[in-house]
Amino acid sequence: MSARFWDPDGIKFGIPTYPWRLAPDGLATRRQLRLRGLRPGGQDIAAQILRPRRRREPLTAYLYRIDLALPVRPMTPARWAALAKANAARRRCPECRSDAGYVIPPTLGTCVTCAFPEEQRAA
């Protein structure tokens, strides 16, 4: 592993820094916390891990203390309703105003029928 990222005291990088896959126990990334049903809960970043890449800056993953993490907030009926409404809006074509039956790709901006009308007529 890369010794240039080994800085557990935070002298070189400002916060404790470890090479990729060498973080100490008791620290986890946001994804790892989420897998345990936890969230950072407003705590500051405890450390970071850096992964070297060729000809680019290293990848950075921020670490949080597991003992200070809070449980994930449960989904309430109002949250479920808001999520359903947002997903329905992503399925509605802004041009023909119909439900496309799928999430409209942002690259098209409309449903496939509106984006390629000449191909629909040929079929």
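Gly26 is checked against (1) over 30 Å from Phe5 (Cβ atoms); (2) under 22 Å from the mean Cα position of the chain (by Cα); (3) not β-branched (Val, Ile, Thr) and fails just one. What number does that condition carry?
Gly26 satisfies every listed condition except (1).
If I filter segment 1-13 down to residues being among the small types (Gly, Ala, Ser) and more than 30 Å from Pro71 (Cβ to Cβ), which single residue comes out as surrounded by the most Cβ atoms within 10 Å (Cβ to Cβ)? It would help to see each step written out before you state the result.
First pass over segment 1-13, keeping only residues among the small types (Gly, Ala, Ser): 2-3, 10.
Of the ones still in play, those that are also more than 30 Å from Pro71 (Cβ to Cβ) are 2-3.
Values: Ser2: 12, Ala3: 7.
Here the residue is Ser2.
Quick note: the coordinates plus some simple rules give every number you see, no bench work behind them. In this text the structure is predicted, and so the values were computed from the model without any measurement. Heads up, the Cβs are rebuilt from the backbone with ideal geometry, glycines too, and the neighbour counts pull from every protein chain shown.
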